[in-house]
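Okay, so here's the structure we're looking at.
Read-outs: derived from the displayed coordinates by stated rules, not from any lab. This one's a predicted model, so the numbers in the text were calculated from it and none came from an experiment. FYI the Cβ positions are ideal-geometry reconstructions off the backbone, even for glycines, and counts take in every protein chain you see.
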Amino acid sequence: MELSFRERVKKEILVIDGAMGTLLQQRGLPPGWCPEEWNLSRPESVQEVHKLYLEAGADIITTNTFGAIQLKLADYGLGHRVREINLAAANLAKEAARPYGAMVAGSVGPLGKFLQPLGTMTFDEAYGQFFEQCRALVEAGVDFILFETFGDIGEMRAALIAAADAGDVPVVASFTFDETGRTFTGTDPETAAVVVERLGVSAIGVNCSVGPRELVQVVQKLTQSTNLPVLVSPNAGMPEMVEGRTVFRETPAAMADYAVRFVEYGASVLGGCCGTTPEHIKAIHQSVKGLQPRVRSRQFGLRVASRVKTVSIAPRGIPVAIGERLNPTGKKALQAEIKEGKTEITRRDALAQVEAGAAILDINVGVGGVDQVAAMERAIHAVQVLVDAPLCIDSTDPRVIEQALKIYHGKAIINSVNGEEKSLQTILPLAKRYGAALIGLTLDERGIPPTAEERLAVARKLTERAEAMGIPRQDLMIDCLVLTVSAQPEGVPETLRAITLVKKELGLTTSLGVSNVSFGLPNRGLINAAFFAMALAAGLDAAILNPQEPRMMETLRASAVLTGRDIRAEQYIAREQQAGGVQAPAKPVEQAAATPLEILYQAVLSGDKDNIVSYIETALAEGLSPMELLDKALIPGIEEVGRRYGAGLYFLPQLMMAGETMTRSFERLRPELARGPAKKVGTVVLATVKGDIHDIGKNIVSVMLANHGFEVIDLGKNVDNEEIIKAAMEHRAQIIGLSALMTTTMVHMADLINRVKEQGLNCKVMVGGAAVTAQYAREIGADGYAVDAVEAVSVAKSLVS
Ligand code: B1M
């Protein structure tokens with residue numbers, strides 16, 4: 001009997017094919033034509049490519065369906081033919097593969113659109129798109145589905161959940177990483193592995209991205225972070241532009257050498273992406289065939305992840321603080337905010353808790369009379385692009401938990417499941433479907449059992465039921481529950497004994513909501529801290545607490561040393577040195593952002609696009625001028641975002657949210673900035689250059705010029721030089737103003753200046769934008785350069801006078 005992909009990928013080294021698009025182009029695929037349409041109109045050409053790779057030694061060929069999803073096919077008027085195109089492609093590949101005994105991977109690429117909150121696409125819309133394509137590929141009988149070239153982990157989650165629903169087919173999740181070793185929305189290899197492992201994948205991979213040499217570290221990290229089989233299909237080197245053509249320089253021999261190295265690290269499916277040819281695949285086949293996959297069987301504890309960071313909770317690792325402040329119980333201001341649909345306090349508290357040392361944030365929106373599904377959605381969207389701490393979804397309503405798990409771009413913890421049948425039946429399936437970890441409370445229909453042994457029995461039941469559902473036991477963290485000491489003093493030793501028992505008997509990690517212990521007593525912080533130290537000594541691994549309580553965090557750090565979990569007190573010493581030996585008191589949250597300017601600055605930093613306009617209203621009402629807001633808060637804020645992005649502290653999601661916040665602020669300020677008609681002094685055609693979508697600065701320049709009597713023909717962003725010249729001629733402009741923010745795009749300025757000269761246009765060229773310097777402006781022969789919008793006005797005036 002033929003072995004399935006799931007079996008073969010564990011036992012042998014497999015070779016997967018290389019690029020499809022370029023080979024189709026060589027066979028006459030016209031530029032701008034839909035490559036997937038050729039499955040219908042030019043099947044022989046598609047099959048010819050498959051056969052070349054099979055002849056070269058590929059064990060797996062990939063269907064020509066990378067873009068065969070409704071959203072992308074719709075661009076070619078083919079949105080209604082998803083099933084037909086995928087079936088045709090899969091049948092072509094199967095027919096070609098059969099004589100070679102090769103397998104067929106059904107290729108599915110990303111949507112090309114961002115999911116909320118970065119874009120407008122909802123989880124359900126993305127899911128629907130992937131489901132339709134996967135369904136067709138499953139129906140056609142592909143050996144596995146290959147999600148390839150994904151850069152966004154949130155999108156990959158939607159794709160994997162859709163594939164699981166589309167049929168019982170193995171799935172491979174392959175990401176694209178850039179030179180920084182992260183996907184473009186900031187996910188590192190370990191985090192990618194942690195998130196997809198629980199979503200039923202048979203292998204994880206890296207494809208496209210960069211060349212093989214740039215991928216060495218990514219592959220090492222990936223193989224060390226998971227025991228899943230690993231696929232590696234790099235480009236044939238970094239793409240280079242040579243005479244307007246993209247060239248990939250890595251030779252077949254070099255690619256083959258790297259493939260051997262990747263096998264040594266633990267990869268077991270090797271192939272190529274852009275720029276690879278049948279020659280590359282042949283060389284890879286010749287060098288890796290006969291090698292054996294390395295067996296990897298590392299033990300990993302409980303790992304949860306945000307989009308950009310993995311947090312491990314291990315039985316002997318450093319205990320972890322789960323911040324409890326994003327919970328409206330007893331907090332009037334937060335309750336009011338949730339009712340009003342805002343997220344100001346939520347953001348502030350999230351940041352403050354992470355700053356104070358919380359590794360994970362618990363998030364709860366339980367306010368009566370509120371649509372909690374919507375409230376949870378808002379809170380998660382606000383928090384997940386703001387902080388890198390993974391989230392713990394805290395709700396008693398399964399609908400709220402499900403919505404949270406859909407939109408969370410990481411691996412969350414559900415707080416909580418318990419031993420009651422109803423809870424087991426509703427919560428475990430959610431954890432399974434969305435790949436989440438769980439906090440398991442040791443209570444059941446009879447309430448909280450009085451003895452440690454009985455709580456252990458509930459924990460055992462939770463473990464068995466989770467495992468029966470396919471949830472690995474290490475993804476369950478047991479909460480042995482603490483009772484109020486003032487009412488039931490005998491309860492405290494039972495909780496401590498239960499922690500030790502659960503760890504010893506079941507090998508599971510434990511967590512606890514510590515502060516319950518002190519209800520009804522004065523100086524609760526003292527009782528909490530003392531009990532916390534005892535629980536840590538009993539083996540507690542995580543606690544839900546207020547990280548802004550210095551005493552609790554100090555107890556955690558000191559206990560980690562005393563229990564031998566902080567080996568050689570390394571973390572303790574590092575922290576003490578950082579704090580200069582003196583623990584700075586945690587900043588009260590209320591004072592985090594005091595003046596309107598500080599609030600605006602922080603709002604840009606945190607990408608608070610939903611609230612920025614109301615902050616601006618407040619600042620204007622307090623008498624601050626629009627220009628002050630821009631110069632003293634908004635522009636410094638966005639510049640700091642740029643600095644953090646450049647330093648690798650922020651990732652694309654934060655950059656995008658901050659950019660959108662800036663755009664909204666400017667749109668609000670635009671009427672305030674525009675002073676009304678002045679005597680016309682000249683006409684300026686203004687644009688951000690081709691390939692560049694940064695327009696915030698250009699828009700400010702536009703308003704300032706208009707205020708000073710210039711008629712501004714603003715062509716927008718990403719504008720072709722041809723169009724700029726045409727507009728300048730049409731409007732008889734005295735000045736062409738160009739803005740560029742990237743070193744890669746500012747070269748278009750030089751080209752435009754040459755064209756202006758060549759065509760003898762009676763028009764001056766003024767340039768600016770963060771990437772441009774006065775020296776560069778001189779070098780390319782620009783007539784004027786301005787460092788900011790104010791200077792842009794004086795330079796423009798001097799150019800027309
Ligand atoms: Co991006 N981005 N960005 N970005 N972004 C930069 C420019 C970057 C420096 C960040 C960094 O790495 N530290 C970097 C470029 C690196 C380089 O080339 N050296 C960068 C990158 C890499 C990228 C992407 C490639 C990220 C990615 O996808 N991986 C991507 C590129 C997309 C593309 O264009 N093809 C990208 C995307 C974005 C967002 C869309 C998310 C967003 C822009 C939103 C928008 O504009 N609508 C964004 C943002 C916000 C920035 C930063 C953080 C801020 C830019 C800004 O608005 N500044 C920026 C970092 C930085 O510049 N410090 C960064 C505030 C604005 C008021 O200043 O535009 O300089 P500025 O305008 C000033 C003056 O320069 C002058 O007056 C203005 C007012 O005082 N001025 C002129 C401007 N034009 C003028 C014209 C004139 C005269 C003066 O005469 C005609």
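Give me the extension gain from ALA537 to GLU639: residue separation times 0.36 nm, minus the current Cα-Cα distance, reported in nm with one decimal. Full-extension gain reported as 32.1 nm. With R₀ fixed at 56 Å, the C-beta to C-beta distance from GLU722 to THR451 puts the FRET efficiency at about 0.10. Counted by neighbouring Cβ atoms within 10 Å, the residues TRP33, TRP38 run from fewest to most as TRP33, TRP38.
Here's the list of lysines a cross-link from LYS504 could span, going by alpha-carbon distance under 17 Å and ignoring same-chain residues fewer than 8 apart: LYS461.
Given Cα pairs under 8 Å that are at least 6 residues apart, what percent is the relative contact order of the stretch 738-801? Contact order relative to length: 32 percent. Estimated from the Cβ-Cβ distance and a Förster radius of 30 angstrom, the FRET efficiency linking GLU505 and ARG261 is about 0.10. Once C-alpha pairs closer than 8 Å and six or more residues apart are averaged by separation and normalised to the residue number of the chain, the relative contact order reads 8 percent. Annotation: extensible slack from MET729 through LYS113 equals 218.1 nm (criterion: 0.36 nm per residue apart, minus Cα-Cα distance).
When only Cα pairs below 8 angstrom with a gap of at least 6 residues are kept, the stretch 243-310 shows a relative contact order of 37 percent. Ignoring everything except DSSP H segments at least 4 long, calculate the 222 nm mean residue ellipticity for the chain; use -39,500 (n - 2.57) per segment, divide by total residues, nearest 500. Counting only the DSSP helices, I get -14000 deg cm²/dmol. Measuring r between the beta carbons of ARG473 and SER41 and using R0 = 60 Å, the FRET efficiency lands at 0.70.
Beta-bridge orientation, the chain: approximately 10 percent antiparallel, per DSSP, counting only bridges with both partners inside. Remark: spin-label model distance SER614-ARG298 equals 4.5 nm, labels positioned 7 Å along the Cα→Cβ axis.
Taken over the stretch 708-801, lysine pairs spaced eight or more positions apart, or on distinct chains, with alpha carbons under 16 Å apart number 4. Would you mind classifying the chain by shape? Square roots of the alpha carbon gyration tensor eigenvalues, ordered a ≥ b ≥ c; an a/c under 1.5 is rounded, otherwise it is prolate if a/b is larger than b/c and oblate if not. Taking the square roots of the gyration eigenvalues as a ≥ b ≥ c, the chain is oblate.
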